Structure formats: C-alpha cells, structure tokens
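One structure below.
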Amino acid sequence: MFNSKLKTLSLGVFLAFAVGCSEQTEQQVMVQQAVKIEQADSCHLCGMTISNFPGPKGESYTANQGNINKFCSTRDLFGFILQPENKRQVREVYVHDMSKTPWGQPNDEHFIDAKLAWFVIGSSKTGAMGQTLGSFSAKSDAETFVQEFGGQLYKFDDITLADL
C-alpha cells in the first residue's frame with residue numbers, strides 16, 4: 001500500500017514537473033519572436049535611431065540575454081552576430097522580408113527568420129550605414145532584386161565578416 005502511494009506521488013510530481021517545464025518552454029518560445037521597432041529605438045551596434053533610415057532592419061536574441069537586440073540595418077545586425085564573442089550566443093535572428101514591404105519604410109509585420117532567408121550583398125540599394133544586405137524569404141524574389149539592383153546572392157550561413 002505504501003509502495004503504491006509512493007509510486008502515485010512520484011508520478012504526480014513527475015507530471016507536474018513535466019507540465020511546468022513544457023509551459024515554460026512555450027512561454028520562452030512566445031517571447032522569442034520579432035517585435036515592433038518603436039520610433040525611439042536605437043541600434044544595438046551603432047546607437048543610431050533605427051526608424052530614421054530606409055532598408056531592412058534586424059533583430060536578434062542571444063542565449064544569455066532575454067531581451068531583443070534591434071539593429072538599424074541588416075549590415076549592423078551581421079556585424080554584431082558574426083563577432084566571435086557573439087556568434088555562438090545567437091539564438092533567434094529576424095530580418096524584414098523586402099519582397100513584402102517597401103524599402104523606404106519596412107513594415108514590422110513582415111519579419112522573417114533570418115536563418116532561412118536569402119540575402120543580397122552589394123546591391124545599389126542603401127540602408128542606415130550605406131550598403132546593406134537585402135533580405136528575402138524566397139530565392140526567386142532575391143534573384144529578381146539582383147537583376148534590378150545588382151549584388152550577389154547568399155544564404156545566412158554563407159555570410160562572413162569579410163563579406164560586409
């Protein structure tokens with residue numbers, strides 16, 4: 001009898017722990033999403049006011065930090081996340097999908113997972129700090145952009161500090 005109560009109690013504690021952990025994970029996942037860039041937000045790398053400039057913007061979360069880092073351009077985003085001390089810490093990274101939003105004022109409704117995006121480096125389009133990386137969810141949209149504005153096509157994992 002005592003043994004069966006102990007098993008029941010152990011099972012209850014295990015289930016409570018498992019449910020608690022899964023809820024925490026769901027909450028963490030919900031928090032780790034792209035957020036709206038507010039009018040007064042400044043770039044995590046250079047300190048400039050993000051909304052004052054055209055072109056795609058970026059956001060990132062790191063493993064040891066719960067708040068989001070916002071960037072005035074995709075170039076500054078990559079300049080930060082590719083630094084050796086940051087590279088392994090980066091978890092989620094978001095960029096604007098420039099096939100769905102105007103270059104002059106990107107809409108925050110169109111953030112995409114940067115790790116799945118296609119990037120154009122070296123186009124004639126500029127952002128906050130001059131040249132920036134065009135970001136697209138579809139390869140065909142990135143290719144069309146290259147035909148019109150020049151540049152070369154890259155995937156997230158292929159971009160290095162030297163490319164910037």
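The values are calculated or read from the model by the stated rules, or taken from the named source; none is laboratory data. Note that the coordinates shown come from a computational prediction; the quantities given were computed from them, not determined experimentally. A quick note on method: Cβ atoms are made from the backbone with ideal geometry, for glycine too, and the neighbour counts reach across all protein chains shown. Surface accessibility is based on the protein's heavy atoms, side chains included, excluding ligands, DNA and RNA. Shrake-Rupley method; radii C 1.70, N 1.55, O 1.52, S 1.80 Å.
Looking at the structure I just gave you, is residue 161 under 19 Å from the mean Cα position of the chain (by Cα), open to solvent by 30 Å² or more (accessible area, probe 1.4 Å) and within 18 Å of residue 80 (Cβ to Cβ)? Break it down stepwise before answering.
Numbers: under 19 Å from the mean Cα position of the chain (by Cα): yes; open to solvent by 30 Å² or more (accessible area, probe 1.4 Å): yes; within 18 Å of residue 80 (Cβ to Cβ): yes.
The answer is yes for residue 161.
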- Which one is least open to solvent (accessible area, probe 1.4 Å), of the residues in the range 58-101 that are out of contact with any strand residue (DSSP E or B) (no Cβ under 6 Å at 6 or more places or on another chain), of a type in the set (D, E, K, R) and at pLDDT 95 or above? 76
- Picked from the range 102-129 (must be free of Cβ contacts under 8 Å to residues at least 40 places away in the same chain and more than 14 Å from residue 150 (Cβ to Cβ)), the residue most open to solvent (accessible area, probe 1.4 Å) is 109
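Take residue 143 and decide whether it is in a helix (DSSP H, G or I), without any contact (Cβ under 8 Å) to a residue 60 or more places away in the chain and closer than 16 Å to residue 36 by Cα.
Numbers: in a helix (DSSP H, G or I): yes; without any contact (Cβ under 8 Å) to a residue 60 or more places away in the chain: yes; closer than 16 Å to residue 36 by Cα: no.
So residue 143 does not fit the description; no.
Hey, any hits in the range 27-41 for a residue that's open to solvent by less than 60 Å² (accessible area, probe 1.4 Å), over 17 Å from residue 154 (Cβ atoms), among the charged types (D, E, K, R) and part of a loop (DSSP other than H, G, I, E, B)? Can you show your working first?
Just the residues of the range 27-41 that are open to solvent by less than 60 Å² (accessible area, probe 1.4 Å), to begin with: 32, 34-35, 37, 41.
In the following step, the residues that additionally are over 17 Å from residue 154 (Cβ atoms) were identified as 32, 34-35, 37, 41.
Now restrict to residues that are among the charged types (D, E, K, R): 41.
Going one step further and asking which of them are part of a loop (DSSP other than H, G, I, E, B), we end up with 41.
Scanning the range 27-41 turns up at least one residue that is open to solvent by less than 60 Å² (accessible area, probe 1.4 Å), over 17 Å from residue 154 (Cβ atoms), among the charged types (D, E, K, R) and part of a loop (DSSP other than H, G, I, E, B).
For residues that are of a type in the set (D, E, K, R) and closer than 17 Å to residue 138 by Cα, tally how many sit in the range 74-114.
4
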